[in-house]
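The values are calculated or read from the model by the stated rules, or taken from the named source; none is laboratory data. None of the values given here were measured: they were computed from a predicted structure. For neighbour counting, all protein chains shown are included, and Cβ atoms are generated from backbone atoms with ideal geometry for every residue, glycine included. Surface areas here come from the heavy atoms of the whole protein model, side chains and all, with no ligands, DNA or RNA. Shrake-Rupley method; radii C 1.70, N 1.55, O 1.52, S 1.80 Å.
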Amino acid sequence: MKKIYNYLKTKPPMIIAISFLLLIFVGSFLLRLPISQKEEINYLDCLFTATSAVCVTGLVTVPVFTSWTVFGKLVIIILIQMGGLGFMTFTTLMAIILKKKITLRERIIIREQTNSEGLSGMVRLIKYILICTFTIETIGALMLMVRFIPQFGLAGIAISFFHSISAFCNAGFDTLGPNSLISYNHDAYLLFVLGSLIFLGGLGFVVYSDIYNNRFKGRKLHLHTKVVLATTFFLIVLSTISFYYLEGTNPYTLKGYRPFDKLSNALFQAITLRTAGFAAIDQSLIRDASSAIGVINMFIGGSPAGTAGGIKTTTFAILVIIAISEIKQRDDIEIFQRRVNFKIVRRAITLIMLGLAWVSVVSIIILTITNFDFVDVIYEVTSAFGTVGLSRNLTPRLDDISKILIIITMYIGRAGLMTVIAALNSNNKKKLYREAEEGIIIG
């Protein structure tokens, strides 16, 4: 045990990876208890649900509304909150409450978890994250009560908090019945509130801090914030326009809706694809072109240091900038009058390639062992990897092997590919020399 402890002290990514695993297994055992279930649910489905909650995905093999008791739903929402913010965030909160000192090792782990650069201000950042989270979730719940209390009575208070936390943590779990938000897709107010919570959760806490500390005080924003905001708005606007015209003429989804309802649903679809998973449109009825746009959005996901998954908006932005720089034959990778470090470029390319490889391999395996439709499988696997939670009604029909593959994919998507690889990589020795350089013909 001492050797394991000493090893973990030198491997912050391993601690993060293990913390997510520990949370998943504890949650799965709690969901397996009779007090959590309305009907008999096997352990694999409990494990699937716990993984989906901790990894803030939203894919479910059994319906939340009819399968879990109040206690089970409470377990799920706690797992969502802890999974969305990260285990170390809550560990730090307990240390602050108990007035314990945050050690250097714990600060390093927090830095890894939040994707921060330096070690200074880690405790202050955690406090900021917690204050922002609970404030936004409370405001969101109060706004949702306007709709849910008239419909559900006093139970609407708990329902409002459940959906506010689920939306802000980009989890996509709901307790509204088998049709998710489809029954509410004419309610622009509800879509606006949930969409705003999803949007804020997907931006990342570093962006909030930068806007508060700099923009509101007349100073320039950091490059990270500029890239996140520009990429996020670009993807949302482009996707909204695409869904509006593709699904606006689809007789199975939005055709026949008023223009305003078409726009609100198209906008919500564009936002929920950023790793949220609430469905206001039946995903199995959308056009294949819309599904393709959805796959791209889900693979990209949200932004770093937030509750979202995917390869992240900044990684996608780096890829686009690399292409533009090469087309313009520039020696440096530049954006907003700043040069991007080559280590970041290399990390972005690696993340994209590994993500594509994982999604492809898992999709091929599921297609090989099942008779599912190609589009359905790609949509499902990408949704799991991006911790989105949208499904073309495939999740309940998965066999055991496919469920296990999706569980692993959700875990990797939430913990992060680079975190998992860093945790498993035991060889950290650097070469003390460089090999001779030689060219390769490209293109």
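Some points to look at:
- Boolean, Ala270 is of a type in the set (A, V, I, L, M) and outside any helix (DSSP H, G or I): no
- In this entry, Leu142 is excluded by the filter for residues that are over 17 Å from the mean Cα position of the chain (by Cα), under 17 Å from Val60 (Cα atoms) and not charged (D, E, K, R).
- Given (1) surrounded by 18 or more Cβ atoms within 10 Å (Cβ to Cβ); (2) touching a strand residue (DSSP E or B) at 6+ places or on another chain (Cβ under 8 Å), index of the condition Ile198 fails: (2)
- Meets criteria (open to solvent by less than 50 Å² (accessible area, probe 1.4 Å), within 30 Å of Val340 (Cα to Cα), among the aliphatic types (A, V, I, L, M) and touching a Leu at 6+ places or on another chain (Cβ under 8 Å)) for Leu273: yes
- In the stretch 1-40, the residues that are modelled with pLDDT of 90 or more and of a type in the set (A, V, I, L, M, F, W, C): Ile24, Phe25, Val26, Phe29, Leu30, Leu31, Leu33, Ile35
- Scanning the stretch 127-149 for residues that are farther than 17 Å from Leu194 by Cβ and not hydroxyl-bearing (Ser, Thr, Tyr) yields Lys127, Ile129, Leu130, Ile131, Cys132, Phe134.
- Out of Thr409, Thr419, one residue alone is within 19 Å of Ile365 (Cα to Cα), among the hydroxyl-bearing types (Ser, Thr, Tyr), assigned to a helix (DSSP H, G or I) and modelled with pLDDT of 65 or more. It is Thr409.
- Among the candidates Tyr212, Tyr257, Tyr244, the residue that is touching a His at 6+ places or on another chain (Cβ under 9 Å), farther than 24 Å from Ala171 by Cα and aromatic (Phe, Trp, Tyr) is uniquely Tyr257.
- Exactly one residue among Phe268, Phe336, Phe278, Phe342 is at pLDDT below 85 and in contact with a Leu (Cβ under 7 Å, 6 or more places away or on another chain), and that residue is Phe336.
- Positions within the stretch 284-319 being buried (at least 24 other Cβ atoms within 10 Å of the Cβ), in a loop (DSSP other than H, G, I, E, B) and of a type outside the set (A, V, I, L, M, F, W, C), in sequence order: Gly301, Gly302, Ser303, Gly306, Thr307, Gly309, Gly310, Lys312
- Restricting attention to the stretch 41-60, the residues being modelled with pLDDT under 90 and either more than 26 Å from Val377 (Cβ to Cβ) or hydroxyl-bearing (Ser, Thr, Tyr) (or both) number 1.
A quick yes/no check of all residues on (1) under 23 Å from Ala280 (Cα atoms); (2) over 21 Å from the mean Cα position of the chain (by Cα); (3) open to solvent by 90 Å² or more (accessible area, probe 1.4 Å):
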{"site": "Ala348", "(1), (2), (3)": "no, no, no"}
{"site": "Gly389", "(1), (2), (3)": "yes, no, no"}
{"site": "Thr395", "(1), (2), (3)": "yes, no, no"}
{"site": "Ile401", "(1), (2), (3)": "no, yes, yes"}
{"site": "Ile407", "(1), (2), (3)": "no, no, no"}
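- Filtered by the rule that a residue be closer than 17 Å to Lys73 by Cα and open to solvent by 30 Å² or more (accessible area, probe 1.4 Å), the stretch 137-153 gives a lone residue, Phe152.
- Qualifying residue in the stretch 73-84 (condition: surrounded by 24 or more Cβ atoms within 10 Å (Cβ to Cβ), part of a helix (DSSP H, G or I) and at pLDDT below 90): yes
- Odd one out for Tyr252, checked against (1) closer than 20 Å to Thr231 by Cβ; (2) modelled with pLDDT of 90 or more; (3) assigned to a loop (DSSP other than H, G, I, E, B): (1)
- Only one of the numbered conditions (1) assigned to a helix (DSSP H, G or I); (2) at pLDDT below 90; (3) open to solvent by less than 10 Å² (accessible area, probe 1.4 Å) is not met by Ile96, and that is (3).
- Among residues that are under 25 Å from Thr314 (Cα atoms) and within 20 Å of the chain's Cα centre (by Cα), Arg219 is not included.
For (1) out of contact with any Lys or Arg (no Cβ under 7 Å at 6 or more places or on another chain); (2) of a type outside the set (Gly, Ala, Ser); (3) at negative phi; (4) open to solvent by less than 40 Å² (accessible area, probe 1.4 Å), each residue gets a yes or a no:
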position: Val207; (1), (2), (3), (4): yes, yes, yes, yes
position: Asp210; (1), (2), (3), (4): yes, yes, yes, yes
position: Asn213; (1), (2), (3), (4): yes, yes, yes, no
position: Leu223; (1), (2), (3), (4): no, yes, yes, no
position: Val237; (1), (2), (3), (4): yes, yes, yes, no
position: Ser242; (1), (2), (3), (4): yes, no, yes, yes
position: Tyr245; (1), (2), (3), (4): yes, yes, yes, no
position: Gly248; (1), (2), (3), (4): no, no, yes, yes
